[in-house]
1. What order do E85, E200 take when sorted by accessible area (1.4 Å probe), most exposed first?
2. If I stretch the segment between Q56 and T152 completely, what's the gain in nm (0.36 nm per residue apart, minus their alpha carbon distance), one decimal?
3. Under the rule of at least 5 residues apart or a separate chain, name every residue whose amide H is placed under 5 Å from the amide H of V169.
4. When the Karplus curve 6.51 cos²θ - 1.76 cosθ + 1.60 is applied with θ = phi - 60°, which whole-Hz ³J(HN,Hα) does each residue of segment 178-192 get, with x for Gly and Pro?
5. Determine ³J(HN,Hα), in whole Hz, for all residues of segment 121-133 in sequence, where each value follows from phi through the Karplus function 6.51 cos²θ - 1.76 cosθ + 1.60 and θ = phi - 60°; x replaces Gly and Pro.
6. Can you grab the distance from the C-alpha centre of segment 96-115 to the C-alpha centre of segment 141-179, Å, no decimals?
7. Would you mind checking the pairs K115/K189; K42/K207; K79/K144; K79/K115; K115/K198 and listing those with alpha carbons more than 22 angstrom apart?
8. Once label points are set 7 Å from the Cα along Cα→Cβ at both R145 and Q100, what is their separation, rounded to one decimal in nm?
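The values are calculated or read from the model by the stated rules, or taken from the named source; none is laboratory data. Every value quoted in this text rests on a predicted model; they were computed, and no experiment measured them. Here the Cβ positions follow ideal geometry from the backbone for every residue, glycine too, while neighbour counts run over all protein chains shown. SASA here: full protein model, heavy atoms, side chains in, ligands and nucleic acids out. Shrake-Rupley method; radii C 1.70, N 1.55, O 1.52, S 1.80 Å.
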Amino acid sequence: MLQTRQRDPPKEDALDDDSWEIWAELKAIIKMPVFCNGKITKRFDEPDEFETSIGQTLMDLESNSDLKDLRDLTINGAKQIDVGEKKCIALFVPVPLLKQFQRVQQRLVRELEKKFSGKHVVVIAQRRILPKEKPNMKVPLKQKRPMSRTLTSVHNAILDDLVYPAEIVGKRIRVRLDGSRLYKVHLDKSQQTNIEHKVETFSAVYKRLTGKEVTFEFRESYF
């Protein structure tokens, strides 16, 4: 089971809305049912056969490789996404654990891609979009909607997760004659060698998760 030190709730005036969201999600993780020796936590259902195979692989990597940091990490789910004639594996992880996953992400992805016949692997935090508050809502929101829960923020965060460890250095939007939009994302050129072969995968996963078309280019960072 996920091992997390119990702490007293922070004072209300000590955290902003986004920090309160992370704190609430962390508490929810602790209460969720766990599977595969704590490698998977699911709120409403049990892991399917594919997710179980991922959980078992994470257990094996924790025991038999240098990825000991996986000990306190858990995923919420996994899904195979079509990328042309191939498939990509998307791992969905809790938002509070994303930074810990990113510390080991390059090694973890490399090992998983070996285990699953070279399929590309991406790691994405599982975020929830909250609706915009309206005066006539049947079920009023319990608190003010944090900026991190808006549709735009969640879609931008998914994009950041997909291209990690590359940084996004610019964006452009092209509006076609039919009104459809194509998002052009500029990535730091220093990571081109490492991720250029995955940009088609990034585009397919982003389209599947958000419905938006995106292409990637590599540019020098000027910041």
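1. Numbers: E85 190, E200 120 Å².
So, going from the largest accessible area down, we get E85, E200.
2. Working: separation 96, 0.36 × 96 = 34.56 nm, distance 3.45 nm.
Additional length available on full extension: 31.1 nm.
3. Those lying under 5 Å, H to H, from V169 are H186, L187, D188.
4. Those phi angles translate into 7, x, 6, 10, 10, 8, 10, 10, 9, 9, 4, 5, 5, 9, 4 Hz.
5. Working through the residues one at a time gives 10, 10, 10, 10, 6, 8, 10, 10, 8, 9, x, 5, 5 Hz.
6. A separation of 22 Å, based on Cα centres.
7. The answer is K115/K189; K42/K207; K79/K144.
8. Each label point is offset 7 Å from its Cα along the Cβ direction, giving 3.0 nm.
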